[in-house]
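First up is the structure itself, then whatever we jot down about it.
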Amino acid sequence: MAAILCEIQPGDEVIVPSFTFVSSANAFVLRGAKVVFADSKSGHPNMDETLIEELVTPKTKAIVAVHYAGMPCEMDVIMEIAERHGLFVIEDAAQAIDSYYKGKPLGSIGHLGCMSFHETKNIQCGEGGMLAINDSRFMGRAEIIWEKGTNRAAFFRGEIDKYSWADIGSSFLPSELNAAYLWAQLENLDKIQERRKAIWQDYFQLFTRTGKQPGILQPSYLDRFTEVMDQLELWASCHVPASQDSPNAHAFYLVFDSLEARTGFIHGMQERGILCIFHYQSLHDSVYYNSISSDQRSLPNSELYSDCLVRLPLFYELGNWYHVASI
Ligand SMILES: *Cc1c(COP(=O)(O)O)cnc(C)c1O
């Protein structure tokens with residue numbers, strides 16, 4: 001919907017970080033755009049805002065700001081670049097519910113903001129999402145696109161006497177059942193967030209070795225991480241995010257020094273019944289992008305996170321998990 005609303009056309013260019021999920025790029029590629037990938041920062045998985053301006057060309061239409069793990073991109077800088085070049089900013093706030101930039105909720109700063117309620121997010125309904133429209137000029141058209149390309153909403157308000165096909169559109173809305181499932185979690189957002197933040201803190205204390213007692217997670221569960229870190233001597237090659245890098249406890253991640261260290265950690269945890277996953281494979285280095293683009297630039301920071309970052313389990317019920325499956 002965001003790509004349609006920005007009237008992305010074949011030949012337009014859209015700047016997107018490479019270290020993100022495919023959806024951040026697909027929305028624009030589906031409208032015919034060429035995506036131009038930006039690298040992550042050195043020392044942080046978010047897009048490096050200082051690299052954006054050199055990617056702007058006369059064909060650039062939009063910048064996609066992905067708030068990885070709910071950590072805010074430098075929105076003031078990004079909005080200023082966009083304003084100077086007449087570009088749209090779309091926030092991919094899929095992971096960013098309950099996270100803020102200078103007091104403003106993420107997703108409310110760019111022209112458009114996309115949230116996800118996929119099962120991997122803080123609150124979820126299996127599949128679902130939300131588009132925040134922060135610029136009123138998009139309102140009328142958004143309603144029609146959302147109503148599958150019809151002016152049915154105006155009909156229901158009694159503004160017209162029959163509705164018809166008015167624009168392109170699709171079935172972008174979640175079902176009532178999904179919405180009801182999500183609603184209960186929205187009502188309990190504070191409680192869910194409090195628990196997620198406590199779990200995040202337990203991991204943080206474990207990996208920064210503060211020696212503090214965990215508040216939520218079972219010591220027998222946390223011991224399995226310590227065992228693997230000790231056994232493979234990984235402590236020195238493991239970077240823990242700073243405490244402020246968890247605005248909304250979307251993810252607890254570690255960054256190892258090498259692919260080998262990360263692989264060792266994942267296997268060690270797997271042997272102890274704990275699934276730790278990595279992501280994302282950099283989009284600029286993907287099978288599909290290589291098939292449509294001759295852009296051979298390497299993006300070293302994005303590649304580093306693709307090889308070295310791992311996420312630990314983080315979900316509401318994790319604290320109740322007394323018994324780890326026997327192996
Ligand atoms: C989950 C996620 C998406 C996709 O969300 P959907 O609800 O599956 O469309 C897009 N971008 C990022 C950064 C995500 O984490």
Practice prompt. From (1) closer than 17 Å to SER246 by Cα; (2) of a type in the set (Asp, Glu); (3) touching a residue at least 60 places away in the same chain (Cβ under 8 Å), pick out the condition that doesn't hold for ASP48.
Written response: (1)
Item to complete: Taking only the stretch 272-285 into account, find how many residues are under 22 Å from the mean Cα position of the chain (by Cα), surrounded by 18 or more Cβ atoms within 10 Å (Cβ to Cβ) and over 21 Å from GLY11 (Cβ atoms).
Response: 4
Worksheet item: outside any loop (DSSP other than H, G, I, E, B) and touching an Asp or Glu at 6+ places or on another chain (Cβ under 7 Å) - does that describe any residue in the stretch 145-166?
Response: yes
Worksheet item: Given the residues GLU227, GLU233, which is the only one that is among the acidic types (Asp, Glu), part of a helix (DSSP H, G or I) and modelled with pLDDT of 95 or more?
Response: GLU227
Item to complete: Quickly run through the stretch 301-317 and pick out the residues that are in a helix (DSSP H, G or I) and among the aliphatic types (A, V, I, L, M).
Response: LEU304
Worksheet, complete the sentence: Here the qualifying pairs (Cβ atoms under 9 Å; residues six or more apart or on different chains; first in the stretch 23-34 and among the β-branched types (Val, Ile, Thr); second more than 9 Å from the ligand (Cβ to nearest atom)) come out as VAL29/ALA3; VAL29/VAL14; VAL29/VAL35; VAL29/TYR288; VAL29/ILE292
Discussion item. Could you check the stretch 140-151 and list, in sequence order, the residues that are under 17 Å from SER175 (Cβ atoms) and away from the ligand (no atom under 16 Å from the Cβ)?
Written reply: GLU147, LYS148
Practice prompt. Working only within the stretch 249-300, note down all residues that are among the aromatic types (Phe, Trp, Tyr) and assigned to a loop (DSSP other than H, G, I, E, B).
Written response: PHE278, TYR280
Item to complete: Looking at (1) under 27 Å from VAL16 (Cα atoms); (2) out of contact with any Ser or Thr (no Cβ under 7 Å at 6 or more places or on another chain); (3) of a type in the set (A, V, I, L, M, F, W, C), find the lone condition where PHE256 falls short.
Response: (2)
Worksheet item: Quick one: would you say ALA184 is surrounded by fewer than 16 Cβ atoms within 10 Å (Cβ to Cβ), over 19 Å from CYS308 (Cα atoms) and among the small types (Gly, Ala, Ser)?
Response: yes
Worksheet item: Quick check: is even one residue across the stretch 237-246 in a loop (DSSP other than H, G, I, E, B), under 24 Å from LYS197 (Cα atoms) and modelled with pLDDT of 95 or more?
Response: yes
Worksheet entry | Residue ID - surrounded by the most Cβ atoms within 10 Å (Cβ to Cβ), chosen from residues in the stretch 115-152 that are of a type in the set (Ser, Thr, Tyr) and within 18 Å of ILE90 (Cβ to Cβ) | SER116
Practice prompt. Write out, first by first residue and then by second, each pair whose Cβ atoms fall under 7 Å of each other, whose residues are 6+ apart or on separate chains, and whose first residue, in the stretch 59-74, is on the phi < 0 side of the Ramachandran plot while the second is of a type in the set (Gly, Ala, Ser) and within 13 Å of the ligand (Cβ to nearest atom).
Written response: VAL64/SER24; VAL66/SER24; HIS67/ALA93; HIS67/ALA96; HIS67/SER99; PRO72/SER99; CYS73/ALA65
Fill in: Residues (within 11 Å of the ligand (Cβ to nearest atom) and outside any strand (DSSP E or B)) located in the stretch 123-139
GLN124, CYS125, GLY126, GLU127, GLY128
Worksheet item: Of all residues in the stretch 157-177 being over 32 Å from the mean Cα position of the chain (by Cα) and of a type in the set (A, V, I, L, M), which is farthest from PHE117 (Cα to Cα)?
Response: ILE160
Item to complete: Would you check which residues across the stretch 260-271 are under 15 Å from PRO313 (Cβ atoms) and buried (at least 16 other Cβ atoms within 10 Å of the Cβ) and list them?
Response: PHE265, ILE266, GLY268, MET269
Practice prompt. With the condition kept exactly as written, say whether any residue in the stretch 110-132 is at pLDDT 95 or above, β-branched (Val, Ile, Thr) and within 18 Å of ALA3 (Cα to Cα).
Written response: no
Worksheet entry | In the stretch 16-45, residue nearest to the chain's Cα centre (by Cα) [restricted to those that are among the polar types (S, T, N, Q) and surrounded by fewer than 21 Cβ atoms within 10 Å (Cβ to Cβ)] | SER23
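The values are calculated or read from the model by the stated rules, or taken from the named source; none is laboratory data. Everything numeric here is computed off the predicted structure, so don't read it as measured data. As a convention, Cβ positions derive from the backbone with ideal geometry for all residues, glycine included, and neighbour counts pool all protein chains shown.
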